[in-house]
1. Under 17 Å Cα-Cα from Lys49, which lysines qualify once same-chain neighbours fewer than 8 residues away are excluded?
2. In straight Cα distance, which aspartates and glutamates are under 13 Å from Lys61, not counting same-chain residues fewer than 8 positions off?
3. Using alpha carbon coordinates only, what is the Rg to Rh ratio of the chain, with Rh defined as the Kirkwood radius?
4. Using the Cα centre of segment 1-47 as origin and beta-carbon charges of +1 (Lys, Arg) and -1 (Asp, Glu), tell me which of Gln24, Ile41, Asn13 is placed farthest towards the positive end of the dipole.
5. Taking the simple approach of a point 7 Å from Cα along Cα-to-Cβ for both Asn67 and Lys32, what is their distance in nm?
6. What's the magnitude of the charge dipole for the chain around its Cα centre, counting Lys and Arg as +1 and Asp and Glu as -1 at the beta-carbon? Answer in Debye, nearest 20.
Amino acid sequence: MQKDLEIIESKLNALEASSDDRYQRSMISALKGLTENQKQIVNEFEHLKKAIDLLTLQIFKVEKSLNSKQ
């Protein structure tokens, strides 16, 4: 998904560079803002996935430790 968003952003940059109309440029600017926000959301989601994976790993380690002491 991150790669797709980068491709969209690249295409928007090209459209903005070739646009002569002020309205088109403002619409492209809004789309670029939305694309950038979407990229940040994807990044945050990836961080959350990593945090959940690390937390799950720690839970398994604690559970294993408790089971071996019994």
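Values in this text are rule-based calculations from the coordinates and carry no lab data. Note that the coordinates shown come from a computational prediction; the quantities given were computed from them, not determined experimentally. Neighbour counts run over all protein chains shown; Cβ positions are idealised from the backbone, glycine included.
1. Lys39
2. Excluding near neighbours in sequence, the set is Asp53.
3. Ratio of gyration radius to Kirkwood radius for the chain: 1.43.
4. Farthest towards the positive pole: Gln24.
5. The two pseudo-label positions are separated by 5.4 nm.
6. Its charge dipole is roughly 440 debye.
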